[in-house]
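Reviewing the structure listed below.
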Amino acid sequence: MLNSVERMVRMTIKTLGYKRLSMFLATAVLLASAAVQPLQAGSRLGKITGVTGEVLAVNLGREQGLYQGLRGNVFKFDSLRNTVDVAEIQIISVSASQSLAKVLTRRDSLEVGQFVDIEGTMPQSPLEKVDMLRVMEESARNYFAARQYTEPDSANCLALCRKILAREPNNRLATQLIARMIQNYFQWGDRERYDGNFASAIVYYMRLLKVDPGNRTAYEHIWEVMDMINVESQVPLDPIQRGRPPDFYYASAEQYYRSGQFEKSKKYFSFLLDNVVEKDMVAREGLARNDHMLTLLDSLRVVQSGMAQEAAKAEQEQQAELQRRRERTQLARYWRAVGDDLFRKKDYEGALVYYLKLLDFFPEDSLVQQRRELISRVDMALIPSGEFSRGSNTRELSGVMNQFGFKGTLYREMPKRWVFLDSFYLDRTEVTNRQYLRFLESSGHSPPLHWKDGKYPAGQDSYPVVYISWLDASEYARWIGKRLPSEEEWEKAARGKDGLQWPWGDQFQAERANTRESGRGGVLPVGSLLGGASEQGVLDLAGNVWEWVSSDLKPYPGYDQDMMYFPGSLRKVIRGGSFKETGEYARGAYRGDGALDQIYSNVGFRCARDLRLKAENLE
């Protein structure tokens, strides 16, 4: 029984006849060859028809695509048939019969009959009164009008459209032409695919990919065509029978080519060359076309394999991401439950540890953001805005020295000035060991050196954390959503609106502060001495441990520079005195100092924060 290809071949022969079929096949081969062998776009060859000084008359064929301002070269062949540039020229006039060109650079003699190559590149300065963008648009229209059945016209149209878009990114014509090219190639490729002309379908889809390299739909259509080619390729080719007319072999070869059976097509063309028409150009062109398509299929298979691997990898990553989201959601539910439970128990720093974990995954969670805002205001006193008396004058310092003895560093408090501050919040007590441990658990920050195995000594939950550098204190403040207070803020909280020497008044009372005079000899839990509270109820501002503030130690404006009581290196201010020092250091105006990266056994800190307009209820 005859297969479907042979039946179709016989019907074609019967309809067209042998001679007409031969002409048809030759034309089809040449057209298909042109379709798969792209020509260089944007060039035009011609000859010189006249020479007058520095102006040449040139014949460049049809006027379409030609305009003033294009540059090119005049060249000739030497004895070895190598090209030699003679001159560089520029088109200055275009007409239907001939064009005129101006010689820009002459390298050799100019003669009638020499060849001209117009490259199609734009000059540095286009000629006046020539709208190059409009000219390029007209040329693009002309190329598109050729219906893009040949590769040079589509390549020229695409190249011009891209030049237009480079000059004018939103150019409507170029955008529409490119869209129409994509639409046409899809239509033509689909039409050929449905008609069983798989070779032409692949050619059209490949041209589409030149216009839109990332078009996934085009690749999907190509894979469908390749699947159909692969299925048909499983059918073995029957032995080629001798004694048939040459047109039968031509038609069979062509039909196999159209259906994508390129190896079978090659066998028929090879049979023609070996047994029927030796050195036949049509058969040789047919072999070349099939070889080209086989090479193209091989390259497409590589692309298909790569895209399949990418798709599989993307699918795996998508599934892995979905699994990570599930796990993250489950973990987030656990963190929220634990955080809410700690929040209800008023373990606010413990709750903050879990709320910060939640914010890492879900930064837009409004409830968690609100809870963090509330936690940052727990156990803080509002220090109202207004002026206060900062520093000390000579009379005040004389009184302090009469009571406690001369201390040169007291002069750092001079001169006394009235300072205005906006309202702010300040922690009622110093940061405790328990609070700082929560920070370490959340951030992974290094613990104080005297802690063993990352834990503070047993029973010291409410003791102020010490051996903390200024850098450590700043990190904690940032973690909890606060900051270190400035020394002006700290002093205002300690002295109040009346500018008292100590938080309780102008007379030192040892029982109100944990200083050397108290005889306790060590640190007390925060808030132990309620009698030492300030006007706004802030505790431990005098004695117990020094406190870091954000300010650098430097003279106040108006300070007498002859009084050399400031170190030359950068130091940070500490305030409030400690259990090691006497009462004059616990005054609200005294300015101690320490290195920002140094740790001390009697220095801790408390935090401040700016005033928020709207207050929330923690309960």
*When you look at V225, is it in a loop (DSSP other than H, G, I, E, B) and of a type in the set (V, I, T), yes or no?*
no
*Could you check, for region 560-573, whether at least one of its residues is on the phi > 0 side of the Ramachandran plot and of a type outside the set (A, V, I, L, M)?*
no
*Just give me the residues in region 499-514 being closer than 21 Å to N602 by Cα, assigned to a loop (DSSP other than H, G, I, E, B) and touching a Ser or Thr at 6+ places or on another chain (Cβ under 6 Å), in sequence order.*
P503
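Mind counting the residues in region 238-251 that are among the acidic types (D, E) and open to solvent by 60 Å² or more (accessible area, probe 1.4 Å)?
Residues flagged as among the acidic types (D, E) and open to solvent by 60 Å² or more (accessible area, probe 1.4 Å) within region 238-251 amount to 1.
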*Index of the failed condition, V235 passing every other in (1) more than 26 Å from N197 (Cβ to Cβ); (2) open to solvent by 60 Å² or more (accessible area, probe 1.4 Å)*: (1)
*Restricted to region 484-521, and to residues that are free of Cβ contacts under 8 Å to residues at least 40 places away in the same chain and polar (S, T, N, Q), which residue is least open to solvent (accessible area, probe 1.4 Å)?*
Q509
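Yes or no, residue by residue, for (1) assigned to a helix (DSSP H, G or I); (2) within 20 Å of R71 (Cβ to Cβ); (3) open to solvent by less than 20 Å² (accessible area, probe 1.4 Å); (4) modelled with pLDDT of 90 or more:
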residue: G120; (1), (2), (3), (4): no, yes, yes, no
residue: V135; (1), (2), (3), (4): yes, yes, no, no
residue: S154; (1), (2), (3), (4): yes, no, yes, no
residue: F186; (1), (2), (3), (4): yes, no, no, yes
residue: D190; (1), (2), (3), (4): yes, no, no, yes
residue: I202; (1), (2), (3), (4): yes, no, yes, yes
*Kindly provide the set of residues from region 356-411 that are among the β-branched types (V, I, T) and in contact with a strand residue (DSSP E or B) (Cβ under 7 Å, 6 or more places away or on another chain), ordered by number.*
I383
*Look at W335 and say whether it is under 25 Å from Q536 (Cα atoms) and either open to solvent by 50 Å² or more (accessible area, probe 1.4 Å) or in contact with a helix residue (DSSP H, G or I) (Cβ under 8 Å, 6 or more places away or on another chain) (or both).*
no
*Report those strands (runs of 3 or more DSSP E) wholly inside region 522-610 carrying at least 2 residues which are open to solvent by 10 Å² or more (accessible area, probe 1.4 Å) and free of Cβ contacts under 8 Å to residues at least 60 places away in the same chain.*
546-552
*Got a sec? Which of A101, A96 is touching a residue at least 12 places away in the same chain (Cβ under 8 Å) and under 12 Å from V55 (Cβ atoms)?*
A101
*Tell me, which residue of region 367-397 that is open to solvent by less than 60 Å² (accessible area, probe 1.4 Å) and among the small types (G, A, S) is farthest from Y590 (Cα to Cα)?*
S376
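Has region 356-364 got at least one residue that is acidic (D, E) and surrounded by 18 or more Cβ atoms within 10 Å (Cβ to Cβ)?
Within region 356-364 (the criterion being acidic (D, E) and surrounded by 18 or more Cβ atoms within 10 Å (Cβ to Cβ)), the answer is no, since none of the residues qualifies.
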*Which members of region 212-255 meet the condition of being closer than 30 Å to C161 by Cα and out of contact with any Phe, Trp or Tyr (no Cβ under 7 Å at 6 or more places or on another chain)?*
D212, P213, G214, N215, R216, T217, Y219, E220, W223
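Which residue, of E254, E220, E224, is among the acidic types (D, E) and under 19 Å from N290 (Cβ atoms)?
Details: E220 fails: under 19 Å from N290 (Cβ atoms); E224 fails: under 19 Å from N290 (Cβ atoms).
Selected residue: E254, the only one of E254, E220, E224 that is among the acidic types (D, E) and under 19 Å from N290 (Cβ atoms).
The values are calculated or read from the model by the stated rules, or taken from the named source; none is laboratory data. Here the structure is a predicted model, which means the values were calculated and not measured. Neighbour counts are summed over all protein chains in view; Cβ atoms, including those assigned to glycine, are modelled from backbone coordinates with ideal geometry. Protein only, heavy atoms only, side chains kept; ligands, DNA and RNA dropped before computing areas. Shrake-Rupley method; radii C 1.70, N 1.55, O 1.52, S 1.80 Å.
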